[in-house]
Amino acid sequence: NLAAAHFPTIKRLEDFEFGRVKGVTKSDVSQLLDFRWIDTHANTLWFGPPGLGKTHLSIGLGAKAIEAGYTVCFERITNLVKLLKMAHIQRQAGFRINKILKVDLVIIDEIGYTPIDRTEANKFFNLISELYEKTSIILTSNKGFDSWAEMMGDDVMTTALLDRLLHHAKVFNLDGESYRMKDRR
């Protein structure tokens, strides 16, 4: 299950430095580790600038979910959009999308880093609609909700997308200094 999740690397929650980032505490993450939110098909959304550990927290939660017996798929938005576009013509992409539709938890990483066109946004919206109230989603984004309409290219679709994502969600807005920039100094 760990290999099938397609994590780019393994990150442990035990290695996350909670004191460096505002907007999430060790207690917040401990509450998520009971996984009732996955049982009820709720979502966890991480927002904030780059380098704060949104992906680290997502992968750490995903790995713990797998240890607890849940199935998980991880995709960066750029690859997910590529899979969605290719699913009807490339067998492997179709298999991956079908897998995503059947797991307990889907982690969608890095929304907002690269632009997506209207067709891609529409495919993404359709996927979120398929997953809504059937599968839990962890999502990371460096853009606030107010920027999503511009990013997706359609106000009405973006409103519907956010409505589905936020309906049953715990939202964390992170702030602080980038890990990468701190290490660089």
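Note on the chain: GNM, Cα springs under 10 Å; of ARG20, ARG91, ARG76, the largest mean-square fluctuation is that of ARG91.
Per-residue extension of 0.36 nm, minus the Cα-Cα distance of HIS88 and PHE145, leaves a gain of 17.5 nm for this segment. Excluding same-chain neighbours fewer than eight residues apart, the aspartates and glutamates reachable from LYS22 by a Cα-Cα span under 12 Å are ASP175, GLU177. With a simple spin-label model that places each label point 7 Å from the Cα along the Cα-to-Cβ direction, the separation between LYS99 and PHE18 comes to 3.3 nm. Residues TYR113, TYR132, TYR70, ordered by accessible area of protein heavy atoms at a 1.4 angstrom probe radius and largest first, appear as TYR113, TYR132, TYR70.
The GLU133 and ALA68 beta-carbon pair, evaluated with R₀ = 25 Å, returns a calculated FRET efficiency of approximately 0.75. In the full protein context, the chain carries 52 Å² of accessible surface per residue, based on a 1.4 Å probe and ignoring ligands, DNA and RNA. Membrane-span-like helices in the chain, defined purely by DSSP H runs whose alpha carbon atoms cover 18 Å or more axially and whose average Kyte-Doolittle hydropathy reaches -1.0, are 54-67, 118-131. The candidates LEU2, LEU165, arranged from most to least accessible area with a 1.4 Å probe in the full protein assembly, appear as LEU2, LEU165. The amide H of ALA169, built 1.01 Å from its N in the peptide plane, has ASN43 as neighbours under 5 Å, considering only residues 5 or more places off or on other chains.
On a per residue basis, the convex hull of the C-alpha atoms belonging to the stretch 3-81 measures out at 111 Å³. For ALA42, put the label point 7 Å out on the Cα→Cβ axis and report which residues of the stretch 146-185 keep their amide N under 11 Å from it. Residues 168-171 qualify, since their backbone N sits under 11 Å from the label point. A Förster distance of 25 Å, applied to the separation of the beta-carbon atoms of HIS167 and ASN126, puts the FRET efficiency at 0.90.
In percent, rounded to a whole number, the relative contact order of the stretch 33-143 is 42, using alpha-carbon pairs under 8 Å and six or more apart.
The convex hull built on the alpha-carbon positions of the stretch 31-72 has an orientation-averaged projected area of 3.1 nm².
Taking all protein chains as shown and a probe of 1.4 angstrom, LYS143 keeps an accessible surface of around 70 Å². At R0 = 25 Å, how high is the FRET efficiency between THR25 and GLU177 if r is their beta carbon distance? Nearest 0.05 is fine. About 0.90, to the nearest 0.05. The portion of the accessible surface of the stretch 9-120 made up by carbon and sulfur, rounded to a whole percent, is 52 (1.4 Å probe; DNA, RNA and ligands excluded).
Summing charges over all other residues whose Cβ lies under 10 Å from the Cβ of LEU57, with Lys and Arg as +1 and Asp and Glu as -1, gives +1. Taken over the stretch 11-51, the ratio of Cα radius of gyration to 2.2 N^0.38 Å equals 1.27.
With every protein chain in place and a 1.4 angstrom probe, the accessible-area ranking of TRP37, TRP148, largest first, reads TRP37, TRP148. Accessible surface for SER147 stands near 40 Å², nearest 10, in the context of the full protein assembly shown (1.4 Å probe).
Under a 10 Å cutoff between Cα atoms, tell me which one of LEU33, LEU45, LEU80 has the largest fluctuation in the Gaussian network model of the chain. The residue that fluctuates most here is LEU33.
The values are calculated or read from the model by the stated rules, or taken from the named source; none is laboratory data. On a predicted model such as this, the values are computed, not experimentally measured, just so you know. So basically every Cβ, Gly included, is an ideal-geometry build from the backbone, and we count neighbours across all protein chains shown. Areas reflect the complete protein model, heavy atoms only, side chains present, ligands, DNA and RNA absent. Shrake-Rupley method; radii C 1.70, N 1.55, O 1.52, S 1.80 Å.
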